[in-house]
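Below: one structure, written as structure tokens.
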Amino acid sequence: MRRNSYVDDLTESQTLAFIPGSISEGKSEDEIADRFDGDTALVKNWMDALKQLYFVVTNGYDELVITSDGKNFLEKFNSHR
């Protein structure tokens, strides 16, 4: 399997920021998993962590939504790049 060098080069904090950033762009879990070579288990684990941090929630329409805490994290992360 061909590895995605973009994903391989991400640090944990970059991955943590990549996922809510993708959600804020309207991408689904499957679309996000595509960037991780289709590793849905990995993305699910990150999603669970983001939900525990209350950076991401599932709304009443079963859609992933970034919270204000998640937005604040992204702003801080992006300002330090």
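Values in this text are rule-based calculations from the coordinates and carry no lab data. As the structure is a prediction and not an experimental result, all values here were calculated from the model. Virtual Cβ from ideal backbone geometry, glycine too; neighbours counted across all protein chains shown.
Values for this structure:
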| item | result |
| --- | --- |
| Fully extended contour minus Cα-Cα distance, from Ala49 to Ser24, at 0.36 nm per residue | 7.3 nm |
| Size of the chain as Cα extents on the principal axes (Å, biggest first) | 36, 32, 20 |
| Length added when fully stretched, Thr15-Lys76, from 0.36 nm per residue minus Cα-Cα | 20.5 nm |
| Label-point gap, in nm, between Thr58 and Asp39 - each point 7 angstrom along Cα→Cβ | 2.3 nm |
